[in-house]
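Asks: Supplied in structure tokens, the structure appears directly below.
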Amino acid sequence: MNKNNIVNILKQSSFSSEFINYIENNFPENYNKKFNNPYYMNYLGNPLLDLSPEKRLIESLAQLISLKKHYTTKGIPLVHLYESIYDLSYRLERYYKKHGIYGLSERDIRWLSPLYRADIFDLGSLRFEISNFSYEEIERSDYEYMPLNQKWKNRFPEGTPIITIHILKDTDFRPDKVDQALAQALNFFKRYFSEHDYQVFVCRTWLLYGRTREILGEDSNIVSFSKRFKTIAEHKNAKQALDRIYGTSDLDVIEGMEKNSSLAKVAYKNLSKLGVGAGIIYK
């Protein structure tokens, strides 16, 4: 496997120049990938889990060649590959910041699976994933638990095809940008994944908790985004919102932080208005 092919993918994507230099200097020459589509396996059966964090990264980079071939076979323009592998860049840079070396954690391997299966795509300002309705994913457990009413389970039986919307850090929620992302997604999945007969987009996030609108103001882009969805579940739990806004849910730490946004200045003072919601947008 030619290292230059991998470096070319990294240069076309969002990877930092520091990381690209690292790969140019440290990726083995003529590396042969060890596994055939490991990310297609059940997470616990993924053989990358048996490797060190550094070797997981090397093998994952080698797997990009197969992923690129898959895009080409499907006729998907490679620009979508280059835009959608941001998550790999984000995770390896986060690992470097925490550990001082480039690598991938076991948790990273889990969350990279849909990327390597070509199930997840960054389209405009939003991230979309080809998926199926899962009660477990909506309801979850422990502090993340959020009950789903039986009427919605009847409306969307387990396994119903859907498109999941993921929210990235620093997402542009301006209405025109969201309009463009949704329109792009409709065209994209119709053209390249017509066999996935979905009827709704589904999103589960603190941004969809109804009472949060009260501390944002009606002119907020987040409020505008949340109003696009029909709420199917809500739960009053402030942890996710605090983690996303402040990077921690420790109120003592939050109290001492410098708060630069209007949301950061008021959220921790209004815990009763923070929670989690799940919603749908009909295709």
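Asks: So, in the stretch 45-75, of the ones that are outside any helix (DSSP H, G or I) and touching a Lys or Arg at 6+ places or on another chain (Cβ under 9 Å), which residue ends up nearest to Ile130 (Cα to Cα)?
Replies: Selected residue: Gly75.
Asks: On the given criteria, is Arg91 free of Cβ contacts under 8 Å to residues at least 60 places away in the same chain and closer than 21 Å to Lys283 by Cα?
Replies: Here the answer is no, as Arg91 does not meet what is asked.
Asks: Now for a different question. Can you name the residue in the stretch 49-60 that is more than 15 Å from Pro114 (Cα to Cα) and touching a Phe, Trp or Tyr at 6+ places or on another chain (Cβ under 9 Å) and, of all such residues, is surrounded by the most Cβ atoms within 10 Å (Cβ to Cβ)?
Replies: Among those residues, the one meeting the criterion is Leu57.
Asks: Which of the following residues is touching a Ser or Thr at 6+ places or on another chain (Cβ under 6 Å) and either crowded, with 16+ Cβ neighbours inside 10 Å or among the aromatic types (Phe, Trp, Tyr) (or both): Asp108, Asp122, Asp172?
Replies: So the residue among Asp108, Asp122, Asp172 that is touching a Ser or Thr at 6+ places or on another chain (Cβ under 6 Å) and either crowded, with 16+ Cβ neighbours inside 10 Å or among the aromatic types (Phe, Trp, Tyr) (or both) is Asp122.
Asks: So which residues in the stretch 194-226 are surrounded by fewer than 16 Cβ atoms within 10 Å (Cβ to Cβ) and in contact with a strand residue (DSSP E or B) (Cβ under 6 Å, 6 or more places away or on another chain), if there are any at all?
Replies: His196, Asp197
Asks: Considering only the stretch 203-283, give the helices (runs of 4 or more DSSP H) lying wholly within it that have at least 1 residues that are free of Cβ contacts under 8 Å to residues at least 24 places away in the same chain and of a type in the set (Asp, Glu).
Replies: The qualifying helices (runs of 4 or more DSSP H) are 239-246, 251-255.
Asks: Let me ask something additional. Output the residues belonging to the stretch 240-270 that are within 16 Å of Tyr143 (Cβ to Cβ) and surrounded by 15 or more Cβ atoms within 10 Å (Cβ to Cβ).
Replies: Gln240, Ala241, Leu242, Arg244, Ser249, listed by residue number.
Asks: Something else: Looking at (1) surrounded by fewer than 20 Cβ atoms within 10 Å (Cβ to Cβ); (2) assigned to a helix (DSSP H, G or I), find the lone condition where Ile101 falls short.
Replies: (2)
Asks: What number of residues within the stretch 8-34 are under 24 Å from Val79 (Cβ atoms), touching a residue at least 60 places away in the same chain (Cβ under 8 Å), in a helix (DSSP H, G or I) and of a type in the set (Ser, Thr, Tyr)?
Replies: Count: 0.
Asks: Still on this structure, I have one more. Does the stretch 177-193 contain any residue that is outside any helix (DSSP H, G or I) and loosely packed, with under 13 Cβ neighbours inside 10 Å?
Replies: No, that holds for no residue.
Each value in this text was obtained by applying a stated rule to the coordinates, not by laboratory testing. Note that the structure is a prediction, hence the values are computed from the model and not measured. Cβ sites come from the backbone with ideal geometry, for glycine too, and all protein chains shown count toward neighbours.
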